[in-house]
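A short write-up of the structure that comes next.
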Amino acid sequence: MSFPVPLLAAEPELQAAAAALASEYQLPATDTGADFLLELTREGLQLRWRSKPEYQPLTLDYTRGKQAWRQQLGGGKQEAVVRAVGLGKGFRPRIIDATAGLGRDGLMLAHAGCEVWLLERNPAIHALLQQAIVHLQQFHLEQENAEHWSCQRVHMLPPGSLLNAADIQEQLLAIAPHTIYLDPMFPEKEKSAAVKKEMQILQHLVGADLDADSLLPAALAVASCRVVVKRPARAPFLAGQTPSSQIASKKHRFDVYIKQAYPKATA
């Protein structure tokens, strides 16, 4: 039986704040018996897998450590995801990362100069990601750095999916995205090499996106110019549809579906 992921306090002093966050994200504020648990700590939210106590809780903090390093040094035109989206002749597309997950590719694209909206349908992952984005932006605002790219170009959409576009139709119309980016969860083969523990947590919490094929036509209906799909190197094309072009990286490829050229950059 599947239970909704609760959001609880890791310490008694944080119970009021945890209850407020649970209400904000419409998550249970009492223990549901779920195998996964969101906990509010003094450092922020963490996702704990209770049946795997040997795993460190999953946290997101884009202001320090390896996660901050990746955003500081990444995002250049050499990144495969950036090349797949395309930044030619100074034009920076408006992008919806429609399977945002932990937000890393979306932040990479924002760092490269694109305005990015993050869309995630799993309520627990959405809460974890949004709190990390809020913390990142507040960190730079406190440093009197309101012009930082994260403050200017990263936005969170309410939890949802392109497959339920009617629920977010108003936001989609307002954004008028040039590009939709998709990175659906791919089912892991039993004999495949072990993936990082954080990805194992996501795979067990979210599961494979069995409706992933439906995402491509939905994305093509919303994007004005292109859809970019991240896939494992040997995975079949999404919805069996051959892309216009591909960008390959060591373990993945980016399938690019072009509807029309980007507009010319304006001065």
What length, rounded to one decimal in nm, is gained on full extension from Leu220 through to Glu24, with 0.36 nm per residue of separation minus their alpha-carbon distance? 67.4 nm
Under a 10 Å cutoff between Cα atoms, tell me which one of Met108, Met199, Met185 has the largest fluctuation in the Gaussian network model of the chain. Met199
Where does the chain land at 222 nm, in deg cm²/dmol rounded to the nearest 500, when only DSSP H runs of n ≥ 4 count, each adding -39500 (n - 2.57), divided by all residues? -9500 deg cm²/dmol
Take the cross-link list Lys89/Lys251; Lys66/Lys259; Lys77/Lys264 and give me the ones stretching past 25 Å between alpha-carbons. Lys89/Lys251; Lys66/Lys259
Relative contact order (percent, whole number), the chain, Cα cutoff 8 Å, 6+ residue spacing: 16
How high is the relative contact order of segment 38-154, given as a whole-number percent (alpha carbon pairs under 8 Å, six or more residues apart)? 24
Report, to one decimal in Å, the Kirkwood hydrodynamic radius for segment 7-59 based on all distinct Cα pairs. 11.2
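Quick note: the coordinates plus some simple rules give every number you see, no bench work behind them. Quick caveat, the model's predicted, so the values are computed rather than measured.
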